[in-house]
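Report on the structure given below.
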Amino acid sequence: MHDDKWSPWIDALLGDELFQGIETLATEFRVVDRFNSVAGSFDFLIKQRDGLTILGDLKTVSSAKAVSGRKPATGQLGAYTKMLGQHFGHITVTQCVTVVSGPDKVKVIKEEPEDCINAWEEAYGRHQARYAAFDF
């Protein structure tokens, strides 16, 4: 059940082919990097009929026009992929997706997990260089 005011977002999401015939493995799942001080929650992990295991992040926007302008969550998905692998090595993410949801419109941006991990490692490296830790 949901408030009718959200129907344009929910109906568009549920109607998208990405979510047809799937098995939900996890939603709002918390992960942590056991080697660095980083943690987060990914929105969903699903398995499709064809065997693809998809890690996804949902981004909602207020208008259908804004759907096309939303950028992918590449680095964020890379962090989640890497952290998931640290703790659940038996799960292989075969695709990362950013799902952008607006009223009556959905855009699915598909990316390779390796590209996402590379984007995360690059971003984290820049962060580490900017805020170098001093070991006394």
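No lab work stands behind these numbers, since they all come straight from the coordinates. All values reported here derive from a predicted model rather than from experimental measurement. Heads up, the Cβs are rebuilt from the backbone with ideal geometry, glycines too, and the neighbour counts pull from every protein chain shown.
Numbers for the structure displayed
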quantity: Residue in segment 26-37 that is touching a Leu at 6+ places or on another chain (Cβ under 6 Å) and over 15 Å from Lys110 (Cα atoms) present; calculated: yes
quantity: Unique match (being exposed (fewer than 12 other Cβ atoms within 10 Å of the Cβ) and more than 19 Å from the chain's Cα centre (by Cα)) among Asp11, Asp3; calculated: Asp3
quantity: Those helices (runs of 4 or more DSSP H) lying entirely in segment 35-136 with at least 1 residues in contact with a helix residue (DSSP H, G or I) (Cβ under 6 Å, 6 or more places away or on another chain) and crowded, with 16+ Cβ neighbours inside 10 Å; calculated: 74-87, 113-130
quantity: Restricting segment 16-34 to residues that are free of Cβ contacts under 8 Å to residues at least 24 places away in the same chain and not in a strand (DSSP E or B), the residue that is farthest from Val67 (Cα to Cα); calculated: Gln20
